[in-house]
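Structure record follows, encoded as structure tokens.
The values are calculated or read from the model by the stated rules, or taken from the named source; none is laboratory data. This structure is a prediction, so every number in the text was calculated from the model and none was measured. For neighbour counting, all protein chains shown are included, and Cβ atoms are generated from backbone atoms with ideal geometry for every residue, glycine included.
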């Protein structure tokens, strides 16, 4: 029943703005509050998502990921068990209008869903997601390249506008 209610909530958000989706909730196990803002990119089956989380202790963190080939499915923030094997890493190039391309590590969470690998001992990335949000504020498009022939472009303005309206996503 609970899953059905969340699915209705997600569908209602999609019905209001077909290129923008905003969902919020509280994780059952960690009790962390979260908000997800997704924007449709090009090609049509690509979605860029900004996920803002606030833990019970009051710590805020942001994640950015994109999905290809499906609608932005609802799933709770995932807590990995220590015994689980690490997820595969892939290096993708992304750029913002008029900026130099950057090649960074992304975690392939599931088939065709890539999560920016936060900085830390397990990561070769040095910049947190907040660093890239500043780039988004000065451009209109973020483009991600998997290889020479595969790329996805996402508008950044609707994502940032929705971000300023969500309490969890405010800096």
Quick count over the stretch 146-164, residues being touching a strand residue (DSSP E or B) at 6+ places or on another chain (Cβ under 7 Å) and either more than 18 Å from residue 88 (Cα to Cα) or at pLDDT 90 or above (or both), is 10
Residues (modelled with pLDDT under 90, over 22 Å from residue 44 (Cβ atoms), touching a helix residue (DSSP H, G or I) at 6+ places or on another chain (Cβ under 9 Å) and surrounded by 17 or more Cβ atoms within 10 Å (Cβ to Cβ)) located in the stretch 86-145: 118, 133
Could you run through the stretch 146-159 and say how many residues are in contact with a helix residue (DSSP H, G or I) (Cβ under 9 Å, 6 or more places away or on another chain) and surrounded by fewer than 19 Cβ atoms within 10 Å (Cβ to Cβ)? 1
What are the pairs, 6+ residues apart or on separate chains, where a residue within the stretch 118-139 that is without any contact (Cβ under 8 Å) to a residue 24 or more places away in the chain has its Cβ under 8 Å from a residue that is surrounded by 15 or more Cβ atoms within 10 Å (Cβ to Cβ) and in a helix (DSSP H, G or I)? 137/160
Test result for residue 32, modelled with pLDDT under 85 and surrounded by 16 or more Cβ atoms within 10 Å (Cβ to Cβ): no
Would you point out the residue of the stretch 40-74, among those that are in contact with a strand residue (DSSP E or B) (Cβ under 9 Å, 6 or more places away or on another chain), loosely packed, with under 14 Cβ neighbours inside 10 Å and closer than 24 Å to residue 18 by Cα, that is modelled with the lowest pLDDT? 73
